[in-house]
1. Counting pairs of alpha carbon atoms under 8 Å apart in space and at least six apart in sequence, what relative contact order in percent does segment B:65-241 give?
2. Name the most mobile residue of A:ALA134, A:ALA70, A:ALA160, meaning the one with the largest mean-square fluctuation, in a Gaussian network model of chain A with Cα contacts below 10 Å.
3. Could you tell me the center-to-center distance, by alpha carbons, between segment B:198-261 and segment A:151-191 in angstrom?
4. Dipole of segment B:65-241, Cα-centred, from +1 at each Lys and Arg C-beta and -1 at each Asp and Glu C-beta, to the nearest 20 debye?
5. Efficiency by 1/(1 + (r/R0)^6): what FRET value for A:ASN80 and B:ILE134, r their Cβ-Cβ distance, R0 = 56 Å, to the nearest 0.05?
6. Say the dipole of chain B comes from +1 at the beta carbon of Lys and Arg and -1 at that of Asp and Glu; which of B:LEU377, B:TRP268, B:GLN115 then lies farthest toward its positive end?
7. What residue among B:VAL351, B:VAL166, B:LEU338 has its Cα farthest toward the positive end of the dipole of the protein assembly as shown, where the charges are +1 on Lys, Arg and -1 on Asp, Glu, each on the Cβ?
8. Run the helix sum for chain B: -39,500 (n - 2.57) per DSSP H stretch of 4+ residues, divided by residue count, reported at 222 nm to the nearest 500 deg cm²/dmol.
Amino acid sequence: MSSASQAVARCVNVSRIYEEDAVPVTALTNVDFELAQGEFVGLAGPSGSGKSTLLNLIGGLDRASQGEIAVDGVALQTLNETQLADLRLHKIGFVFQSYNLVPVLSAQENVEFILQLQGVHPTARRERALDALASLGIGTLAHRRPGELSSGQQQRVAIARSIVTNPVLLLADEPSANLDSATTEELLKLLRRLNDERGLSILTATHDPLVMGYAKRRVQLRDGAIVEDAAVSGA
Amino acid sequence: MLLKLLQLSIRNILRHRRRNGVMLAAIVVAVAAVVLMSSLIRGMQEDLAETAVASLLGHVKVLAPGYRDDPGIQRSFALAEDWASEVDEGAVAGWAARVRVPAVIMSERGTRGVQFVGVNPAQEGISFLGGAKIVGEFLRDGADGRILVGRALAEQLETKVGRRLVIITQGADGLSREAGFRIAGLYEAQGENLEKAFAFTGVDALQRLLGAPAFTELSIRLHEEPALAPMKERLAARLTDLDVLDWRELAPQAAAMFLFADAAIFIWFLIMMGALVFGLVNTLVTSVMERVRELGMLRALGMRPSSVVLQVVLEAGILMLMGVAVGVALAGAVIYWLADGIDLSLWAEGVETFGMSTVLRPVALAEDVLLIVAMSLALGVAASLYPAWRAVKVRLLEALGR
């Protein structure tokens, strides 16, 4: 584990309780978790164990019922919706299970869009978007729309979009769920390369043992609590 | 950023061509109908005013006190030669000083009550008489002692050009005057009401008959309606011992119809656009709900809630803008096609009762069109706020989970 000063994400005594038909359902219970700069952490556990919930809370997509969460030193519970949106925009990259690309925009425009939200100059954002796509081996597909790309290619575009802003943290929720084994392998090599070469901190929630095989630290959740947290030797 | 949102909005509109096409068509039809209807109402309004002003009223009329309650030569006034020197500032299109008295008109076969009017033909360019079609001859000048009657009145009296009519009226001394007038011509006016109501002779001839070298009315026509109020004020200041009245006071029914026309435009607008707004809201809500996941993803990536609202509002704004542009163009084409007017002669009796002519010409005012455009766009934006609000109110995780 790393020291507190190097933590990209930190959760202290975090709980999340949902109301379902007025019945409280506990998704996370008193979780303490820390992700250091440059780590590649895999969150594993059965369905309903709370891994996606933890990912969503760290990503500012949901709010904790209790406890404190900080990303890059910023306490999320103190932020309003607009400030949370800004934090996600500037500090976090997301890779979703179903890619979530804008269907009416081309691959390049999808990647550029997030830079546009950041107010990056048109020339610079075009250059950065094309670089990101090229670095993931899909530079030639820049002008295709999502509907014209394979699942693997769409996921690559989603990754390009998530890294083009140079985030401090990449969150990936079941990134391999819709991919075949070969494409998953390619994707994982890519994530690992980003982690190794750029020092990008990655937190991924997955059921897939293949994904966990590429993580440098494995965190096991069960019934909303962390039951195992171990670095992978030789990773 | 705005450009990107604009681009996204346009592509989203193109994404659902059929649905947005139907919505666009509805906007086009509604806007075109509102513009067209407002131009027809304005045409009716202008026609009402023109008919009222041309029917011997003028925009402003000067009368002796009490004349309206008891018209007669006893309530007349002398007009100084230089009366117009203080008011004629280019606003006046023309004026006519007349003598008008109630009279009985008789032919060999019939008797009717009429308004007998002494005119100077050279001044009557400001009234319907100046442009009326004449069968026979027009009066030569103010000294012409012949009579000009309406075609409908002549039919009632079973007389024709060249025959004599007898007029009985009251003189300045209160005694009856009776005189014979040869018919110089028959005039044709916009409606039979006018033709039956007025008979004309030279003003000097009538003054001689009545025994008073005075006038009962001074009618002034202006180039433009907006000059009316200041003109009325000036006249009232100059002619302090006389009543100065405008056409709205003298023809209150026409004035009421005139005002109603203003209200009718807005009522029509509210009905048409109100119905349209429901359709627009429905379309936008459907469009937004279909894209909850996509909009949620944009929010997850860092798009601010205000930008999401702006994107939905832009979509509605673009749809509305296109619809308004095409709708106004369509209305313009129809108005151009109807420029010669719509023939209402089949309902002549009805429209004349309302003081209108039998040809209705559309009049498109720039300020009306601008108002309709501005209000349509404002309504479009207002209609999009609810769907936009719904788009950002869906919980982010819920949106992403759809």
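1. Working: 379 pairs, mean separation 57.2, N = 177.
Result for segment B:65-241 is 32 percent.
2. A:ALA134
3. 86
4. Numbers: 21 positive and 25 negative charges, 151 e Å.
So the magnitude is around 720 debye.
5. On the way: r = 82 Å, r/R0 = 1.47.
The value I calculate is 0.10.
6. Going by the Cα projections, it comes out as B:LEU377.
7. Of B:VAL351, B:VAL166, B:LEU338, it is B:LEU338.
8. Working: 14 runs with 212 residues, N = 402.
The per-residue figure over chain B is -17500 deg cm²/dmol.
Every number here is computed from the coordinates shown, using simple stated rules; none is lab data. Remember, predicted model here, so these are calculated numbers, not experimental data. For neighbour counting, all protein chains shown are included, and Cβ atoms are generated from backbone atoms with ideal geometry for every residue, glycine included.
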